[in-house]
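A.B. asks: The structure follows.
Since every read-out is calculated from the coordinates, none of them should be taken as a lab result. Given the structure is predicted, the values throughout are model-derived calculations rather than measurements. For neighbour counting, all protein chains shown are included, and Cβ atoms are generated from backbone atoms with ideal geometry for every residue, glycine included.
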Amino acid sequence: MIGLDAPRQAEATIAHAADAPHAAAFVAAFRASEAPMVMTDPARPDNPIVFANPAFCRLTGYEPEDVLGRNCRFLQGPDTDPAAVARVREAVVLGEPLQIDLLNYRKDGRPFWNAMTLTPVRDETGTVRSCFAVLSDVTRTRQAERTLAREKDGLAQDLEARNRALQAALDQQTALLHEVDHRVKNNLQVISSLVLLKARRTRDLACREALRSMADRIGALATVHRLLYSLSDVALFDLRDFAADFASELEAGLDTDRIALTVDVEAVAVPASMAAPLALLVHELAVNAVRHAFPGERHGRVAITARAEGERLVLEVSDDGVGLPAEHGNPEGFGRDLVGMLVRQMRGTLAFEDRAPGTRAHIALPLIPGPGRAR
């Protein structure tokens with residue numbers, strides 16, 4: 001313990017650290033400061049406190065005689081971080097400045113967070129004569145930070161729970177839509193089979209062809225719902241997958257030595273609401289070209305292309321066959337009417353070009369649904 005002359009010795013230490021002419025003013029300022037301050041002497045055993053100003057005593061609840069001659073560890077308690085204490089001890093040994101937050105305890109046992117700034121005071125030879133510490137009670141700030149952290153954790157947990165609930169609802173909705181697509185596909189296949197059965201038993205050639213065409217259209221719709229059933233994103237439809245499936249089915253009924261079919265469709269993700277009308281468009285244009293552009297034994301080629309251009313889908317079906325018919329009352333008349341109706345439904349544009357030889361159908365459709373568009 002430091003004896004009764006400790007205050008004078010401490011003041012001498014402070015005076016030595018200050019310019020001699022200003023020592024009295026320096027000591028007075030040290031005492032009068034509202035910032036809690038202590039000074040320790042690392043040259044003495046256990047680096048004891050040699051000076052504590054009244055603000056330090058008010059903060060900690062200790063009287064000057066309670067703290068002089070003691071190491072500052074008496075401010076520590078059961079929840080003080082040992083790693084933080086070790087950092088303070090290391091700074092004192094190395095004579096390095098340090099800023100650190102410590103959980104300290106008042107005389108009555110109440111904890112407080114101490115934002116401490118530790119500064120070594122050296123003499124003219126560079127020897128550390130004392131360690132000067134300024135304390136700051138940041139308990140309210142730390143409590144506010146903890147409260148904010150708890151609220152943040154609570155919000156994060158609540159958000160995670162809501163996300164899980166939304167994902168579960170989305171998964172349930174996706175499963176339901178997939179089941180609907182699966183059942184629609186099965187029903188369409190049954191309807192297509194019934195129409196084909198009726199076509200086989202119909203003696204009238206025109207009626208038989210009409211029934212077969214209708215069965216093919218129903219089959220195209222069934223293919224759409226089969227693909228939608230297999231997709232993870234029920235909101236989008238990959239036109240390239242449909243075109244590949246459709247081309248395989250169409251080629252199966254072609255004389256490939258006489259008619260060649262090429263498909264160049266980009267992987268365009270279109271809204272699922274456009275899947276059915278798009279499938280009918282591709283089916284109608286391609287089948288009409290195959291059936292009517294190459295009469296007799298005429299050879300030729302049918303090409304299906306699709307690409308995205310900005311916010312539009314550009315679909316083209318072309319052939320090098322006999323070209324556009326002179327009269328509208330031809331076997332493909334209904335097909336053209338259906339194509340026109342579908343394009344108008346999707347707020348697109350349609351143009352037929354006579355390429356001499358052959359025909360090209362050019363369709364441009366908006367990819368972003370808007371008011372009045374297909375949904």
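A.B. asks: Kindly rank 72-78, 293-299 from highest to lowest mean number of other beta carbons found within 10 Å of each residue.
C.D. replies: 72-78, 293-299
A.B. asks: Taking K and R as +1 and D and E as -1, what net charge do the other residues with C-beta under 11 Å from the C-beta of Gly253 add up to? Could the numbers behind the result be given before it?
C.D. replies: Numbers: positive: Arg212, Arg291; negative: Asp216, Glu249, Glu251, Asp255.
So the environment of Gly253 carries a net charge of -2.
A.B. asks: Taking the Cα centre as origin and putting +1 on Lys and Arg beta-carbons and -1 on Asp and Glu beta-carbons, what dipole magnitude results for region 6-144, to the nearest 20 debye?
C.D. replies: The calculation lands at about 240 debye.
A.B. asks: Could I ask something else about it? Tally Lys and Arg at +1 and Asp and Glu at -1 over the other residues with C-beta under 13 Å from the C-beta of Val85: what net charge comes out?
C.D. replies: In short, -1.
A.B. asks: When a/c reaches 1.5 or more, the comparison of a/b and b/c decides; with that in mind, is region 191-326 rounded, prolate or oblate per its Cα gyration tensor?
C.D. replies: Cα axes put region 191-326 in the oblate bin.
A.B. asks: Among 148-158, 99-109, 47-57, 249-259, how do they line up by average Cβ neighbours within 10 Å per residue, starting with the highest?
C.D. replies: Order by mean packing, descending: 47-57, 99-109, 249-259, 148-158.
A.B. asks: A further question on this structure: Mind checking which of Ala306, Ala293, Val343 is farthest towards the positive end of region 231-366's charge dipole, using Cβ charges of +1 (Lys, Arg) and -1 (Asp, Glu) about the Cα centre?
C.D. replies: Final value for the positive-end residue is Val343.
A.B. asks: Another question, then. For a test of the definition: using alpha carbon positions, the gyration tensor, and the 1.5 limit on a/c, classify region 72-201 as rounded, prolate or oblate. If you can, show how the numbers build up before the last one.
C.D. replies: Details: a/c = 7.55, a/b = 4.18, b/c = 1.81.
Taking the square roots of the gyration eigenvalues as a ≥ b ≥ c, region 72-201 is prolate.
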